[in-house]
1. Select from the stretch 43-87 the residues that are farther than 30 Å from Ser234 by Cα and without any contact (Cβ under 8 Å) to a residue 24 or more places away in the chain and list them in ascending order.
2. Taking the stretch 688-705, which residues are assigned to a strand (DSSP E or B) and either surrounded by fewer than 20 Cβ atoms within 10 Å (Cβ to Cβ) or of a type in the set (Phe, Trp, Tyr) (or both)?
3. As an exercise: evaluate Ser460 against (1) assigned to a loop (DSSP other than H, G, I, E, B); (2) open to solvent by less than 10 Å² (accessible area, probe 1.4 Å); (3) of a type in the set (Gly, Ala, Ser) and give the number of the one condition it does not meet.
4. Looking for whichever is acidic (Asp, Glu) and under 26 Å from Arg647 (Cα atoms) here; the options are Asp411, Asp486. Which one fits?
5. Just to be sure before I move on: is Arg276 touching a residue at least 12 places away in the same chain (Cβ under 8 Å) and either at negative phi or open to solvent by less than 60 Å² (accessible area, probe 1.4 Å) (or both) in the structure I sent?
6. If I go through the stretch 71-98 residue by residue, how many of them are among the hydrophobic types (A, V, I, L, M, F, W, C), open to solvent by 20 Å² or more (accessible area, probe 1.4 Å) and more than 19 Å from Thr287 (Cβ to Cβ)?
7. Tally up the residues in the stretch 29-70 that are open to solvent by 30 Å² or more (accessible area, probe 1.4 Å), modelled with pLDDT under 90 and not aromatic (Phe, Trp, Tyr), please.
Amino acid sequence: MKWLWYSFLTLFSLGMLGLILAVGVAVYSISYYGRDLPDYTVLKDYEPPVVTRLYAGDGKLLAEYAEEKRIFVPIEVVPDLLKNAFIAAEDKNFYHHNGVDYIAISRAAITNLRNMGGDRRPEGASTITQQVAKNFLLTGEVKIERKIREAILAFRIERAMSKDQILELYLNEIYFGMRSHGVQAAALNYFNKSLDELEVHEVAYLAALPKAPNNYNPLRHYDAAFTRRNWVISRMQADGFITKEQEEEAKTKPIIIKHRDNEEFVEAGYFAEEVRREIAKLYGTDTLYGGGLVVRTSLDPFLQKIAEKELRNGLIEYDRRHGYRGVLDHWDNLVNWDQKLATFTPPEGMIDRWRLAVVLNTTPDKAQIGFADKTKDELQLKYISWARKALAKQKVGSPITSVKQVLKTGDIIMVEHVDVDNSKVYGLRQVPDINGAIIALDPHTGRVLAMQGGWKQGTSEFNRATQAMRQPGSAFKPFVYLSALDKGFTPATLVLDAPFVIDQGAGRGLWRPSNYTKEFYGPTPIRVGIEKSRNLMTVRLADFVGMPYIVETAKRFGIVDSMPPHLANALGSSETTLLRLTAAYGQLVNGGKKITPALIDRIQDRRGKTIFVHDDRPCDGCGDLIEWSGQDTPKPPDNRMQIADPRHAYQVVSMMEGVVQRGTGIRIKSLGRPLAGKTGTTNESRDTWFIGFSPDLVVGVFIGFDEPKPLGYKETGSSVSVPVFKDFMEQALADTPPTPFRIPPGIRQVLINAETGTRAKPGDHHVLWESFIPGTEPTDQIYILDGKGISIMPSLSGEIDADATSGTGGLY
């Protein structure tokens, strides 16, 4: 038996020696490969780049900004079913090993020995912890040195972090394909579901993806994806995470990719881009694209949809009045026309509901057109009758009496399928070369509810609502008249509408402003000056009040930051933006309270902490942790700065209501509800405006060419911009009852003669109720601002003396 003893001692000694050598090698390896390893403790504070998401006012998604589409989810809210799917697929002993799974290593070693000499990639046995080490701290190279470093880091990570912390990092970091980083982004992009909505077959598919996302894309490799998913389902059942019945049912389910529904998104490119710029300015681009901000915006999707539609309609209507600029292309050879059309590049600005078509045949009454899908239809004469030839200076050619005047066989055109008298017909289309913008905002808070900065955001990033500096023209006049009211004038004060000449200084010659009609109207009440947009009255009034005071008014209302006190600026020659001017009108209708236009209501960081709010008023009884038990709703204080006398602001509103009832905005009157506003048209009709409002909604419209040029004969704010405002308001206010403008305390309504501004008398035919501050009501005396200052006129009966409306005695 002695030989047995010696054999045992020999084997034991060899074993001990092997163990010592193994320990030595391990210690040496740890010492050697553990040098210069990344600091694994940073994982405790690691915050992966997370997508910043913008939401509209109704909670729908507006935009996402990220270099990696990732939505961070804390491990506490990850369903157990999902955790178990990944553990079954990637690391069944995750909760039991210390970072390295020796059993899995042995199994992989045996498999790799069997596959030695083949083309198959070596099988790994990396645990979830090792994958975290590799993904966060190392490279993905396939080398033994990297695997040793990975194992060392895994040991260290396990000592520093809990299993749940490690799993949280893993589930939020891994890439799933389809631009999805992290499991929540993958659930949305593959199945349009949140994590708690996923079923067994869906979590199994997600767990199958990290191994090779591209290889298991069901759109390209369905069989491989199906097989891999079912393998994960089998592993889940084998590890006791699901029942046999659940396994059998899940394996029968097909893999169906369901992208996020377009109805869950709001299309508002100009608005979103403006918010993006603002966030980048506040927090920097790193936070914008990786900070995981949640941004609640002021956008009203209902109003935004109307704004986009009606601005486009307005641009199209103007564009059609000025003719057809020609077809996109012409083909002499129509062989394989459908294939050629399928590869034809659409023009910039072509919108989604339009289609490309080729003209296959023409007659005087119609054209046969074909589409890329080989279908054919017809284009009737009456739906291209607008397409008179576009000529220079916005003029048009002769009327269209035959299709052949416009189209010929082989022409490439754009058409739209539209409803006409309950039937579908095609109409000829072209992208307008004019552009514009529309804004709707809340006059009480400044919240921007809708913004369309041009024809199509993809065509041009330039936002004409916020970036285009243009002359407002007559749309500036209400602030001249507000300044006059501050200086003691009333809406009934007469101002002489007559020639006005001023020497502009050395070498600049004389300035002779004129009315749009080139006529003179004599003594006219201030109200009519706004309603009819009289230039001569406005300049005379501004000269008397003083341009420095008018400049101060413009700055106080935020229209400009600075403005030279030149008299021409009283007619709106100093540039501003549509957003600024619309907000200024909002401050008139809200009673002279200061507002700041805002697109963002609130911003939260990735963990839900509010880091910005637009409405920062103090509020006792407000907060997330307040429990409601029937108490009154808290009322934050109104701390808006008073920038104008509310009585004067109302008087201007009342006069602008007359613009709609009797003046340049009269086509809006047919809506039959209290609305007010002012048109604006600059020299040679280069810019057209209408800024208008109801008591609780202010809307601004601007239309003009990006490279300013005349819009054409008789094109004004009334003909171009007013129709857009009217159509917008008709839909925006359709379900709201008419609300009269709010009259502040200190206003007295007096019935006056609308022509003379005096109190109405029996027998007067043209009378109206005018708003006065007590003490300023009219008497029988008639006051007029003429070339000599303010004077009293004995009477306005009979013909007005010519000397009162013309002459050279001073400024007129």
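The values are calculated or read from the model by the stated rules, or taken from the named source; none is laboratory data. Predicted, not measured: the structure shown is a model, and the values here were computed from it. Because the Cβ atoms are built from the backbone with ideal geometry, glycine has one as well, and the counts that use them run over all protein chains shown. Protein only, heavy atoms only, side chains kept; ligands, DNA and RNA dropped before computing areas. Shrake-Rupley method; radii C 1.70, N 1.55, O 1.52, S 1.80 Å.
1. Result: Asp45, Gly59, Glu64.
2. At the first step, the residues of the stretch 688-705 found to be assigned to a strand (DSSP E or B) are 688-694, 697-704.
Once the filter is applied, which keeps residues that are assigned to a strand (DSSP E or B) and either surrounded by fewer than 20 Cβ atoms within 10 Å (Cβ to Cβ) or of a type in the set (Phe, Trp, Tyr) (or both), the stretch 688-705 yields Trp689, Phe690, Phe693, Phe702.
3. Going through the list (1) assigned to a loop (DSSP other than H, G, I, E, B); (2) open to solvent by less than 10 Å² (accessible area, probe 1.4 Å); (3) of a type in the set (Gly, Ala, Ser), Ser460 breaks only (2).
4. On the way: Asp411 fails: under 26 Å from Arg647 (Cα atoms).
When all the criteria are applied, what remains is Asp486.
5. yes
6. Of all residues in the stretch 71-98, those among the hydrophobic types (A, V, I, L, M, F, W, C) come to 71-73, 75, 77-78, 81-82, 85-89, 94.
Then keep just the ones that are open to solvent by 20 Å² or more (accessible area, probe 1.4 Å); that gives 71-72, 77, 81.
Subset that is more than 19 Å from Thr287 (Cβ to Cβ): 77, 81.
Summing the residues that are among the hydrophobic types (A, V, I, L, M, F, W, C), open to solvent by 20 Å² or more (accessible area, probe 1.4 Å) and more than 19 Å from Thr287 (Cβ to Cβ) in the stretch 71-98 gives 2.
7. 15
A quick yes/no check of all residues on (1) under 16 Å from Thr679 (Cα atoms); (2) surrounded by fewer than 20 Cβ atoms within 10 Å (Cβ to Cβ); (3) within 27 Å of the chain's Cα centre (by Cα):
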{"site": "Val528", "(1), (2), (3)": "yes, no, no"}
{"site": "Arg534", "(1), (2), (3)": "yes, no, no"}
{"site": "Ala584", "(1), (2), (3)": "yes, no, yes"}
{"site": "Leu588", "(1), (2), (3)": "yes, no, yes"}
{"site": "Gly592", "(1), (2), (3)": "no, no, no"}
{"site": "Asp616", "(1), (2), (3)": "no, yes, yes"}
